[in-house]
Amino acid sequence: MFQKLAASWELVKASARVLWADKELLIFPILSSIALFFVSAVFIVPMAFGGLFDALFSQNMQIGGLIVGFLFYTVQYTVIFFANTALVGAAMIRLDGGDPTVADGVRVAAKNFVNILGYALIAATVGILMQRLNERSKGFGQMAVRMVGMAWNLATFLVVPVLAVEGVGPIEAVKRSVALLKKTWGEQIAGNLGLGAVTGLAFFLVMMGGIALLVVGGILGLPLWALIAGGVALVVVLMLLGLVSSTLSGIYTAAVYKYATKGEAGEWFDPEMIKHTFKAKLPAGM
C-alpha cells in the first residue's frame, strides 16, 4: 500500500512541476466551473420556481424528464470536455517542449468543437442509461452497472487527448482510446489511477482537519463570526484544491497519451511511472 502511495505521489509531483511551469493551466477548470454554474442555473432555477420538477419527473411525464435530463447532461459534458480538451491541448504543447498560452488551448478545443459536441452526446446517452439501469437494479444488478460504468470510464480515459491531438470523430476517438490502452498496457489494465487517490486523500484530510478545527473552536467558545469565517475559508480551500486536482488530472492524462503514442512522456515524467499506471500487481509465481 505504501509503495503504491509513494508511486502515486511521484505522479502528483511530476504533474505539479508541469503546472508550476504553466500556472495559467488553472484557468481552464476555473472557466469550466463558472460555466457549469451558469448552466445549472439556466436549467434548475426556472424549473424550481416554475414548479416543473414534479411535473417533468412524475410517472406521466417520464419522457419529458428524460429529455430535460439528456439536454442537461449534454450541455454539461460539452462544457467539461471543451475545457478539458483545451487543458490537455495546452499541456501537450508543454510536454512537447513548447510554452503554451490559454489562447493556444482554446484554439485546440475550438478547432475540435464539433467532435467534442458529438462525444458529449455519446457520454450523455451513456450517463442517462447508466442512471436508469442503476435506479431499476438491486444488489448484484447495481454492482454490475457500476462495473460497466468503471469499464466505460477506463475505455474512454484517453478520448480527450485523442480529440485534442488527432482531431478524429467521437466514435473513432473512443475506439482509438481503447486501442491505445490495449496496445500499451495489454491485459494488465487495472485502472490503478494513483493520482486521483492521492488528491482525493488530500481533499479528505483537509476537510476533516478543517471541520475538527471548527468543532474545537465552537467548544472553546469562539465568536460566531469567527466560526463563519473559518467555514468560508475551508470551503475556499477545498474549492482551490479541487481546481488544482482537476488541472493535475488533465496534465497527467496528456502524459499518459504521449507515452501511449510515442513511448515517452517528455522530460517531466519518468516513463516507468507511466508504464505502471494501469498495471495490476500479479500474484506470486505468475
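Within the range 203-213, the set of residues being touching a helix residue (DSSP H, G or I) at 6+ places or on another chain (Cβ under 8 Å) and either farther than 15 Å from residue 236 by Cα or not in a helix (DSSP H, G or I) (or both) comprises 213 only.
Taken over the range 11-37, the criterion of being of a type in the set (Asp, Glu) and surrounded by fewer than 17 Cβ atoms within 10 Å (Cβ to Cβ) is satisfied by 24 alone.
Scanning the range 243-280 for residues that are out of contact with any Asp or Glu (no Cβ under 7 Å at 6 or more places or on another chain), modelled with pLDDT under 80 and part of a helix (DSSP H, G or I) turns up 272, 274, 275. Being modelled with pLDDT of 90 or more and among the charged types (D, E, K, R): is that true of residue 111 here? Yes. Residue count for the range 151-164 satisfying the condition of being surrounded by 24 or more Cβ atoms within 10 Å (Cβ to Cβ) and part of a helix (DSSP H, G or I): 6.
Beta carbons closer than 9 Å, at least 6 apart along the sequence or on distinct chains, pair a first residue in the range 211-239 that is surrounded by 10 or more Cβ atoms within 10 Å (Cβ to Cβ) with a second that is of a type in the set (Ser, Thr, Tyr) and in a helix (DSSP H, G or I) for 239/33.
For every residue, the table says whether it meets (1) hydrophobic (A, V, I, L, M, F, W, C); (2) within 18 Å of the chain's Cα centre (by Cα); (3) surrounded by 15 or more Cβ atoms within 10 Å (Cβ to Cβ).
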{"residue": "88", "(1), (2), (3)": "yes, yes, yes"}
{"residue": "93", "(1), (2), (3)": "yes, no, yes"}
{"residue": "103", "(1), (2), (3)": "yes, no, no"}
{"residue": "108", "(1), (2), (3)": "yes, no, yes"}
{"residue": "113", "(1), (2), (3)": "yes, no, no"}
{"residue": "122", "(1), (2), (3)": "yes, yes, yes"}
{"residue": "140", "(1), (2), (3)": "yes, no, no"}
{"residue": "149", "(1), (2), (3)": "no, yes, yes"}
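Within this structure, residue 220 passes the test of being more than 22 Å from residue 28 (Cα to Cα) and at pLDDT below 90.
One line per residue, one yes/no per condition, for (1) touching a residue at least 40 places away in the same chain (Cβ under 8 Å); (2) within 22 Å of residue 259 (Cα to Cα):
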residue: 78; (1), (2): yes, no
residue: 96; (1), (2): yes, yes
residue: 100; (1), (2): yes, yes
residue: 103; (1), (2): no, no
residue: 108; (1), (2): yes, yes
residue: 118; (1), (2): yes, no
residue: 121; (1), (2): yes, no
residue: 126; (1), (2): no, no
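When the residues of the range 130-156 are filtered to those that are more than 21 Å from residue 175 (Cα to Cα) and of a type in the set (Gly, Ala, Ser), the one that is modelled with the highest pLDDT is 144.
The values are calculated or read from the model by the stated rules, or taken from the named source; none is laboratory data. Computed from a predicted model, the values in this text were never measured in an experiment. Here Cβ is always computed from backbone atoms with ideal geometry, including for glycine, and neighbour counts include all displayed protein chains.
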